[in-house]
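Notes to accompany the following structure.
The values are calculated or read from the model by the stated rules, or taken from the named source; none is laboratory data. Computed from a predicted structure; not experimentally measured. Ideal geometry is used to build each Cβ from the backbone, glycine not excepted, and the neighbour counts take in all protein chains shown. Only protein heavy atoms, including side chains, enter the accessible area calculation; ligands, DNA and RNA are left aside. Shrake-Rupley method; radii C 1.70, N 1.55, O 1.52, S 1.80 Å.
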Amino acid sequence: MNRYTFKGADLRKDGPRLRRFFNQIFDPEKVGDFAESLALHFPRMEGRSWFLAEEDSSGEIAAGCALIPWKWRMENVVLDVAELGIVGTGEAHRNQGLMRRLHAEFMEAVREKGFHLVVIQGIPGFYDKLGFRYALPLCAHIDLPLHAVAKEEPGNVTFRPAGIGDIPFLVEEDEAFARANVVSAVRGAEHWTYLLTDGQKTEYGSEFLIFEDAGGRKGYARLPRFGFGSGLIVSEVSEGISWEMGAALLGYCRRLAEKRRKPYIRLDLHPDAPLSRIALASGAVLGGMYAFQVLIPDHRMFLLHLAPVLEKRLERGLFSGYSGALRLDFFDESLDLIWCGGRLTEIRPGDEKPCAAHFCVHRELFPSLCLGHRSWRELQQTRPDIFPALSDTGSRVGRVSDPTESLIDELFPPRRSWIYEQY
């Protein structure tokens, strides 16, 4: 460790260094070009967003990662989200504990700045040792063979490239998408400006299309230039499209796929999205799905921030005006959620006293539950350490008066969520 200096980035001079370092680490992928683009152009990125280990003798970067800031919306609450991104260590500097040190500094910054969630889109089976758990859907493979798509799309739908002038419309489309999902990304005009300009120069660069029918109804779609698989990828589509617009878009994509010698169309969309339903009804095959890996740095802070969401859920159901305590037992610690007249008034550490509602959930299962990725019953199928404690340990007669199951059902229901990329 004495061979290295740990620091942030000087964005005036470190952009080219980041490009060289990460391009070398991830060759042949141009991850370094993406890193430089984020450093110089991405909204809210700053020198302190980078965590670098620099070798003293050479002055070269030995390891690095970035804190990429997001804003996600969960119903009517906005979450500050820190993505652990662009993680790499030079081959000559591995097994030195550099990434453990950088991750510790990353998490210190997360807590200092009050981020509600930390996420990563990283490789499978690696980041669980750092506390990350799969908790939100990411990266779908809905594969549609070209022969299942009509060669000619409906002629009253026109297509053109999206431009800067379309940004107000694209922001409105994000708002419509948020209303259809419990958790979604918040992208403002500055994000769309990046996507349509500097973001085009990275491996995340995409074609953005605006399409419009004869009645003036508009939609948009995103077609990444690179991605998993050999198909033509569609990774974003307006939520409110008609069947005719969806059929026209698939026809457009078929002609584009044939021109580019792509063997199929791949929809990287939620299976319940309108275009996904059209494609599945046309013979598309739903393949595997990956997931965001999520870490909650402070459970109490996170739940307090979610209070408006939780209160609204109780107000709509069996527990309108509820007063009482619900204990979330993580086994190594517990939190008591104190309700008064349907309002979450306090969250305090649990104690040894009995609680009217007592729910046990291992902390590594909690992100998936509270973000709506899985119901507690779905999680219980493979993990029996999630259960309503009073019902499982008491008599069956006692279950009639135990509100735990129904409270958890209403506070943490499984719901559709999807995150559109911001870069």
Query raised in the report: (1) touching a strand residue (DSSP E or B) at 6+ places or on another chain (Cβ under 7 Å); (2) modelled with pLDDT of 95 or more: which one isn't true of ALA189, the others all being true?
Result: (1)
Query - Selection within region 317-363 - closer than 16 Å to ILE408 by Cα, basic (Lys, Arg) and modelled with pLDDT under 95 - result: ARG363
Query raised in the report: When region 223-248 is examined, which residues are found to be within 21 Å of TRP418 (Cβ to Cβ) and in contact (Cβ under 8 Å) with a residue 60 or more places away in the chain?
Result: PHE228, GLY229, GLY231, SER235, GLU236, SER238, GLU239, GLY240, MET245
Query raised in the report: Within the set of pairs 6 or more residues apart or between chains, which connect a residue that is open to solvent by less than 20 Å² (accessible area, probe 1.4 Å) inside region 317-333 to a residue that is at pLDDT 95 or above and β-branched (Val, Ile, Thr) with Cβ atoms less than 7 Å apart?
Result: LEU328/VAL361; PHE330/VAL361
Query - So GLY59, is it over 15 Å from TYR423 (Cβ atoms), open to solvent by less than 40 Å² (accessible area, probe 1.4 Å), at pLDDT below 95 and part of a loop (DSSP other than H, G, I, E, B) - result: yes
Query raised in the report: Just one of the numbered conditions (1) surrounded by 20 or more Cβ atoms within 10 Å (Cβ to Cβ); (2) more than 21 Å from TYR420 (Cβ to Cβ) is not true of ALA273; which one?
Result: (2)
Requested in this report: Find the strands (runs of 3 or more DSSP E) located wholly in region 288-360 whose residues include 3 or more that are farther than 15 Å from ALA389 by Cα and out of contact with any Gly (no Cβ under 7 Å at 6 or more places or on another chain), and list them.
Outcome: 334-340, 343-349
Query raised in the report: Restricting to region 83-119, what's the tally of residues that are of a type in the set (Phe, Trp, Tyr) and in a loop (DSSP other than H, G, I, E, B)?
Result: 1
Query raised in the report: Regarding ASP80, is this residue open to solvent by 20 Å² or more (accessible area, probe 1.4 Å), in a strand (DSSP E or B), more than 18 Å from VAL186 (Cα to Cα) and not hydrophobic (A, V, I, L, M, F, W, C)?
Result: no
Report task. Evaluate region 266-275: report whether one residue or more is part of a strand (DSSP E or B) and at pLDDT 95 or above. Result -> yes
Query raised in the report: Do we find a residue being over 30 Å from TRP192 (Cα atoms), modelled with pLDDT under 95, among the small types (Gly, Ala, Ser) and surrounded by fewer than 21 Cβ atoms within 10 Å (Cβ to Cβ) anywhere in region 375-393?
Result: yes
